[in-house]
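The values are calculated or read from the model by the stated rules, or taken from the named source; none is laboratory data. None of these values were measured; they are calculated from a predicted model. Note that we place each Cβ from the backbone using ideal geometry, even for glycine, and neighbour counts take in every protein chain shown. Keep in mind that these areas ignore ligands, DNA and RNA; they rest on the heavy atoms of the full protein, side chains included. Shrake-Rupley method; radii C 1.70, N 1.55, O 1.52, S 1.80 Å.
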Amino acid sequence: NKYFVLRHGESVTNVKKLSTCWPEKVYSPLTKKGEKQIKEVAQKLKKEKIDLIFSSDLLRTKQTAEIIGKELGLKINFNKRLREVDVGIFNGKLIKKIGEFWNKGGKLSPLEHYSRRFLVAPPEGENYVELEKRIFGFLKEIDQKHRGKKILIVGHQRPFTLLEKMASGYDMERFV
């Protein structure tokens, strides 16, 4: 299979700098700018002859995938394993609050701060190791089900960042 990954377009929570996962506590559709971004990408993806689209089931990714799917004439396969990292009690809060949690209020070096994200989950949330397992399980499953397909995956920044880490074969320290 050949994979394409696409982060959702700009959303309301991106503009407001809010951390959102599920349940979706903050209404976060694509902005007009986000819709325009994705319509432009859809035109470029036409040349790739995509066979399948998988997407996170959160609103901003649903809207992104639906724009692409409509343009390419493809049905969307929504999968909850493609959701953004679960930030637990920080869901709906300013992004800087989750950063302060992982960085212990600014007391850690950058290496310690980012390494902590792999080891420590926010209360009621997940850490990056758990997120990697979730994303890897999804990829392993679709790779076993499909052969020779061009597959678009629509999702979120953090899962895709960790996907890049896994694909590059980086250990945690090298990635950080």
Q | Neighbours by Cβ (under 9 Å, 6+ apart or cross-chain): first from segment 90-105, on the phi > 0 side of the Ramachandran plot and open to solvent by 60 Å² or more (accessible area, probe 1.4 Å); second among the aromatic types (Phe, Trp, Tyr) and modelled with pLDDT under 95 | A | none
Q) Can you name the number of the only condition in (1) in contact with a helix residue (DSSP H, G or I) (Cβ under 6 Å, 6 or more places away or on another chain); (2) under 30 Å from residue 39 (Cβ atoms); (3) outside any helix (DSSP H, G or I); (4) not aliphatic (A, V, I, L, M) that residue 138 fails? A) (3)
Q: Check off (1) open to solvent by less than 50 Å² (accessible area, probe 1.4 Å); (2) within 21 Å of residue 58 (Cα to Cα); (3) touching a residue at least 24 places away in the same chain (Cβ under 8 Å) for residue 146 and give me the number that stays unchecked.
A: (2)
Q) Is it the case that residue 152 is touching a residue at least 24 places away in the same chain (Cβ under 8 Å), part of a loop (DSSP other than H, G, I, E, B), in contact with a strand residue (DSSP E or B) (Cβ under 6 Å, 6 or more places away or on another chain) and on the phi < 0 side of the Ramachandran plot? A) no
Q. Hey, does segment 42-62 have a residue that's under 18 Å from residue 158 (Cα atoms), β-branched (Val, Ile, Thr), assigned to a loop (DSSP other than H, G, I, E, B) and open to solvent by less than 50 Å² (accessible area, probe 1.4 Å)?
A. no
Q. So, in segment 64-109, of the ones that are over 13 Å from the mean Cα position of the chain (by Cα) and among the small types (Gly, Ala, Ser), which residue ends up nearest to residue 130 (Cα to Cα)?
A. 88
Q) Which condition number in (1) crowded, with 20+ Cβ neighbours inside 10 Å; (2) touching a residue at least 24 places away in the same chain (Cβ under 8 Å) is the one that residue 123 fails? A) (1)
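One line per residue, one yes/no per condition, for (1) in contact (Cβ under 8 Å) with a residue 24 or more places away in the chain; (2) among the β-branched types (Val, Ile, Thr); (3) loosely packed, with under 12 Cβ neighbours inside 10 Å:
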residue: 111; (1), (2), (3): yes, no, yes
residue: 116; (1), (2), (3): no, no, no
residue: 119; (1), (2), (3): no, no, yes
residue: 142; (1), (2), (3): yes, yes, no
Q: Being more than 21 Å from residue 89 (Cβ to Cβ) and among the β-branched types (Val, Ile, Thr) is the filter; apply it to segment 13-39 and report the residue that is least open to solvent (accessible area, probe 1.4 Å).
A: 38
